[in-house]
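The values are calculated or read from the model by the stated rules, or taken from the named source; none is laboratory data. Predicted, not measured: the structure shown is a model, and the values here were computed from it. Neighbour counts run over all protein chains shown; Cβ positions are idealised from the backbone, glycine included. What goes into the accessible areas is simple: the full protein's heavy atoms, side chains included, and nothing from ligands, DNA or RNA. Shrake-Rupley method; radii C 1.70, N 1.55, O 1.52, S 1.80 Å.
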Amino acid sequence: MKENGDRMSKNMDSLLDTVESELLTPNQVSLSLLESTIDSFGARIIDFGEVFVQSINYESFSLEDGRVKAGSFSQNSGFGVRAISGEKTGFSYCDGIDANSLINSAKTAASIAKRGSGIKRENYSKTKSLSKYAPVDPLTSMTDKQKANILLEIDQDARRADPRVEEVSASLTSSFEHMLVMSSDGVLAADIRPLVRLSVSVIAVEGNKRERGNAGGGGRYSLDRLLSSESPSRFAREAVRMAGVNLRAKPAPAGRMQVVLGPGWPGVLLHEAVGHGLEGDFNRKGSSTFSGRVGEKVASPLCTVVDDGTLFDCRGSLSIDDEGTPTQRNILIENGVLKNYMQDKLNSRLMNVPKTGNGRRESYACLPMPRMTNTFLEAGKSDPSEILNSMDKGVYAVNFGGGSVDITSGSFVFSATEAYFVERGEIKYPIKGATLTGSGPEVMRNISMIGNDLQLDSGVGVCGKQGQSVPVGVGQPTLKIDEIVVGGTQTGS
């Protein structure tokens, strides 16, 4: 046990040293200056004070019409200072990092928050957490020419895969983040975060029909890993396959019917219709359909829902959240019973419950709030083929596009981008124009079978909340919903 603790300590020491030398030192800022910034909040003024410092290098290449049309690079650095008094938060941020701005921002944030019970700054202890990803810079792992050639190869692979492909677009994005957070509760933590994503979209034409197919992937690792083996051509072929499926698709049926959701990306429905409703701020304010229901049965006893920020290399993973709290595996619903909400520091304190490592922010210019990391439904015991064979008549939805959710009621509408009509356990034909409508709690109660094939998505998820976007992961096994409203253009079948 001691050896593991030593490894964690050395890991954090190394990260902190690196972030200090690359983020603070070039701007003539030190850890002692950050301590002085916290101290400048003043006793008996606020309940909590925090400084969050961040730099992000971002790069993007895009392809259209067989040419790499755009390549961009940006560097962004700055800090945010937060002061909390009761439920009131004072916040000030600054582009760029310098000593005078730090102190002035602390005073501004404290003046907004006004008087609280008064902070007593704790002695700082370095947060101990093993990194959930290798701190490699994806922007420098390949040359610009290599990145451009990858996109050109994707274009060629897609057109070779199917002569009906008329348009191909693709993008390759990378970011490399250094962050450090210090707060009056004694937290001192740092992280180095890589993130990459490849997206491919094609349009195939047959007669007067035009259909789109999309694919992609990514995670917290280097570009050469993302592009190793045959990944780029695999994504190109998958986008072409999806476009071809939609060219053959018939109008979707409409009505209440059985629906089977495929593994992986369809977990986005769980993320939106259930996950957001389990975030602490909505439940503290009583605005979620799950508010005040911890300990109650809210889903089928087959269902266990988990949010896990510790999964290695995944898009939604974090070694620490943006408040310096180590991420963890949080069981939100267990065997159908609501167990926990996802929490940041503010809401956990006001609700008098433990932090869960879910305090996230888009950047230094934003306030943290409870957000998901990698959210998924755990595997069940059924074979996926058994689940399909059990269907009398209904829809098998494999991929989803956009949707909308009402957090208060849990009601949602989602559009399927790849779906099939199933009758007597047999997939009959692809359908298009299918939408699923219902409420999160109702759908969770109507789940009657869960497969043993849990998958996470390929690494493309982006979650929006109150104007902030953060990378997330979603996932689930194949599952059967006994009844849900399917919207389509064909009544009956």
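Scanning the range 89-109 for residues that are surrounded by fewer than 17 Cβ atoms within 10 Å (Cβ to Cβ), part of a loop (DSSP other than H, G, I, E, B) and touching a strand residue (DSSP E or B) at 6+ places or on another chain (Cβ under 8 Å) yields a single hit, Gly96.
Determine, yes or no, whether Ile427 is out of contact with any strand residue (DSSP E or B) (no Cβ under 8 Å at 6 or more places or on another chain) and not small (Gly, Ala, Ser). So Ile427 does not fit the description; no. Look at the range 261-287: where a residue is basic (Lys, Arg) and a partner is surrounded by fewer than 24 Cβ atoms within 10 Å (Cβ to Cβ) and assigned to a helix (DSSP H, G or I), sitting 6+ places away or on another chain with Cβ atoms under 6 Å, you get Arg284/Leu350; Arg284/Met351. Just so you know, in the range 398-417 the residues that are more than 16 Å from Ala252 (Cβ to Cβ), of a type in the set (A, V, I, L, M, F, W, C) and in a strand (DSSP E or B) include one that is most open to solvent (accessible area, probe 1.4 Å), and it is Val405. The residue of the range 213-247 that is most open to solvent (accessible area, probe 1.4 Å), among those that are within 21 Å of the chain's Cα centre (by Cα) and of a type in the set (Lys, Arg), is Arg225. Among the residues of the range 120-138 satisfying the criterion of being open to solvent by less than 70 Å² (accessible area, probe 1.4 Å) and in contact with a helix residue (DSSP H, G or I) (Cβ under 8 Å, 6 or more places away or on another chain), which is modelled with the highest pLDDT? So the residue we want is Pro138.
Taking the criterion of being of a type in the set (Ser, Thr, Tyr) and part of a strand (DSSP E or B), the residues of the range 165-195 that qualify are Ser169, Ser171, Thr173, Ser174, Ser175, Ser183.
Summed over the range 60-88, residues that are under 26 Å from Ala189 (Cα atoms), out of contact with any Lys or Arg (no Cβ under 8 Å at 6 or more places or on another chain) and open to solvent by less than 60 Å² (accessible area, probe 1.4 Å) total 9. Checking each residue of the range 459-471 against the condition of being more than 21 Å from Gly262 (Cβ to Cβ), touching a residue at least 24 places away in the same chain (Cβ under 8 Å) and buried (at least 19 other Cβ atoms within 10 Å of the Cβ) gives at least one match. Across the range 437-462, the qualifying residues are those that are assigned to a strand (DSSP E or B) and touching a helix residue (DSSP H, G or I) at 6+ places or on another chain (Cβ under 7 Å), and the one among them that is farthest from Pro253 (Cα to Cα) is Gly451.
Scan the range 314-330 and tell me whether some residue there is in contact with a Lys or Arg (Cβ under 7 Å, 6 or more places away or on another chain), within 30 Å of Tyr429 (Cβ to Cβ) and outside any helix (DSSP H, G or I). No, that holds for no residue. Kindly check whether there is at least one residue in the range 46-56 that is in contact with a helix residue (DSSP H, G or I) (Cβ under 7 Å, 6 or more places away or on another chain) and at pLDDT below 90. Yes, some residue in the range 46-56 is in contact with a helix residue (DSSP H, G or I) (Cβ under 7 Å, 6 or more places away or on another chain) and at pLDDT below 90.
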